[in-house]
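The values are calculated or read from the model by the stated rules, or taken from the named source; none is laboratory data. Keep in mind that this is a model prediction, so the values were computed, not measured. Cβ: placed from backbone, ideal geometry, glycine included. Neighbour counts: every protein chain shown. The accessibility values were calculated without ligands, DNA or RNA, using every heavy atom of the protein model including side chains. Shrake-Rupley method; radii C 1.70, N 1.55, O 1.52, S 1.80 Å.
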Amino acid sequence: MSGVFRASVTGGVLPHSRSSGRACCSSSSSSSYTTGACASSRGEAQPTSSGTSFERRRYSLLERERSKLLWSRLDSGTGSRRQSVVRRARNKVKSQDGVIVTRKKNQQNSKSSPGLIEDGGALSINDSIATIALPAFFALAADPIASLVDSAWIGRIDAISLTASGLAIAVLNIVVKLFNSPLLSVTTSVIAKAYVSPKRDLSRAASIAIELGLLGGAAQTILLFVGAPFLIHLMGVDSAQDPVLYHTAVSFLRIRALGTPANVLLLTTQGIFRGLGDTKRPFYATLGGNVLNVGLAPLLIFSFGQGADGAAWATVLCEYISALYLLYIVYENIPGFSVGSNILESKERFAGTAKQLLGTSSVLAFRSLCIVGTYAIASGWSLAAGEELSAAHQVCHQLWLGSTLLADALAVAAQTLLAQAITKEDADSVKEIIAKTCGVGLILGTVTALLIQLSNGVLPGLFSDDESVLAGINYLLPYVVWTQPITAVAFVLDGVLYGGSDFSFAAKVMFSSAVVATGAMTLGINFVAESDFDVLQSIWVGYTLLMTMRLFLILYRLQQKEA
């Protein structure tokens, strides 16, 4: 074994740091020496400059004894054991700006992310909630706004292109809701725990999440590309009766399917950053990609004559740019992170971890299926009230969900901070986080309700000028208003369950609530409703039960956990 390699293992020169490009030195495992400068010409690590001469001599002796012990293990072990010892020795230190930091010290400093940090430079819980929730809100709001702009450009082509793109996007949204969003939530909790726990390997957790996301994205691309004709047919478009709409929608869906790996990678990296308590960089990536998309789409649509396909290509390109940017930031900021190493080193170990992640994601996928199914049943029942009142229901439904973006961002903060606090076994912080996030959620829902109520005279006219549609909106707006506080707190409590990794109970809550809500809708429409407006009332009574049951079941669960 070469002398250079020997020095790199025993505490001499380590591989170059990604951030600074300088060679780094190791440090003692003793808590008194958590940092070290670059190695001397003899290849020995040096103690901190503030130590006494006695401490420096003691440090040197400890380093020599550690080196002897390490090499005695290496010389007596097999080839695979030697590699294992080398990896453990290298993983004892992490480089940052040319200075070596032990794992314990690294977690005390927490890489400047807004977590529940104990040292003097830490953010308070209030500041941490705001630091995480506000960028998350803008990131969540950026995609719907960009989609609206995209629809406006496509609408300038013709009505068929707008309808076809809407059908394809509806299919993609279902895929994202059922498969990709659960992976995002699970990744957030896993990374948040690994970030603050000395027993968990952050780089390995991040690497496996990315690898699993890439594999899932590739599988989704194949399924969507091959199954596009069948999926568009399921959306109610017949190739014989309306061939132009059918082929336009299939082409749009297949192009967007090529961007599915980037979309999954983007969501997975967002989950990693959320777990680290950093929602700013995902916001920057999302914002930059959407701004580029808004400018590139009309260029491809009109200047290059690509039509609706041009908008699809613009979205795919921008998704890859945003995803690769975040992947690069992950690579730069998580020492030891690599893609593919876990599969190559130990397929069985990767399969075990991947199975756990997929198992949890499948539980959340079932939860998503329950909520998506409830909304689909409600949309179907609304048609019984006529096209105009059904349109009014759709407008109020979108307004109801759109107003929960801030609550969803608050749930991200609750999930991240709770996962970190629970891993640290900090019971006081857990209680404080739950109380404050739920309190802010209640205030947020109340303020949103007041704003919607105050804009009652103006808001309906922004969506339609049809008298029947406006009458339906005015009839449903009171339901939208007074359910806002309940809905906001329910969303935050979902984040609380995710932060505690109580994913199974979250799925059970959603299933129970969905059964009660759809049952109430069915009974009301079939046995109580006497007019078209009564049909809408039955649907929104079901919506109210859906959110109210979620709220009280989760509160009951929290009381059990407290006991």
Selection from segment 386-422 of residues of a type outside the set (A, V, I, L, M, F, W, C) and part of a helix (DSSP H, G or I) yields GLU387, GLU388, SER390, HIS393, GLN394, HIS397, GLN398, GLY402, ASP408, GLN415, THR416, GLN420
Filtering segment 234-256 down to residues that are modelled with pLDDT under 90 and either in a helix (DSSP H, G or I) or open to solvent by 20 Å² or more (accessible area, probe 1.4 Å) (or both) yields LEU234, MET235, GLY236, ASP238, SER239, ALA240, GLN241, ASP242
Pairing a residue in segment 381-393 that is more than 19 Å from VAL480 (Cα to Cα) with any residue that is open to solvent by less than 70 Å² (accessible area, probe 1.4 Å), where Cβ atoms lie under 8 Å and the two sit 6 or more apart in sequence or on different chains, gives LEU383/SER390; ALA384/ILE525; ALA384/VAL535; GLY386/SER468
Counting only residues in segment 423-468 that are outside any loop (DSSP other than H, G, I, E, B), out of contact with any helix residue (DSSP H, G or I) (no Cβ under 6 Å at 6 or more places or on another chain) and farther than 20 Å from PRO485 by Cβ, the one modelled with the lowest pLDDT is identified as LEU462
When restricted to THR221, THR188, the only residue part of a helix (DSSP H, G or I), touching a Phe, Trp or Tyr at 6+ places or on another chain (Cβ under 8 Å) and within 29 Å of PHE337 (Cα to Cα) is THR188
Apart from one, (1) open to solvent by less than 10 Å² (accessible area, probe 1.4 Å); (2) more than 28 Å from ALA413 (Cα to Cα) all hold for ALA209; the odd one out is (2)
PHE503: passes all of (1) at pLDDT below 90; (2) buried (at least 17 other Cβ atoms within 10 Å of the Cβ) but (1)
Scanning segment 217-227 for residues that are in contact (Cβ under 8 Å) with a residue 40 or more places away in the chain and surrounded by fewer than 22 Cβ atoms within 10 Å (Cβ to Cβ), the one nearest to VAL330 (Cα to Cα) turns out to be ALA218
Those residues of segment 433-461 which are open to solvent by less than 50 Å² (accessible area, probe 1.4 Å), of a type in the set (A, V, I, L, M) and under 18 Å from GLY402 (Cα atoms) amount to LEU444, ALA449, ILE452, LEU459
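Would you say TYR543 is open to solvent by less than 60 Å² (accessible area, probe 1.4 Å), of a type in the set (Phe, Trp, Tyr) and farther than 30 Å from ALA194 by Cβ?
yes
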Of the candidates VAL294, VAL264, the one satisfying the condition of being open to solvent by 20 Å² or more (accessible area, probe 1.4 Å) and β-branched (Val, Ile, Thr) is VAL294
Of the residues in segment 282-313, those that are small (Gly, Ala, Ser) and without any contact (Cβ under 8 Å) to a residue 60 or more places away in the chain come to ALA285, GLY288, GLY289, GLY295, SER303, GLY305, GLY310
Review point. Do we have THR374 as hydroxyl-bearing (Ser, Thr, Tyr), at pLDDT below 85 and assigned to a helix (DSSP H, G or I) here?
Key: no
Within segment 281-301, residues closer than 14 Å to ALA311 by Cβ and out of contact with any helix residue (DSSP H, G or I) (no Cβ under 7 Å at 6 or more places or on another chain) come out as GLY295, LEU299
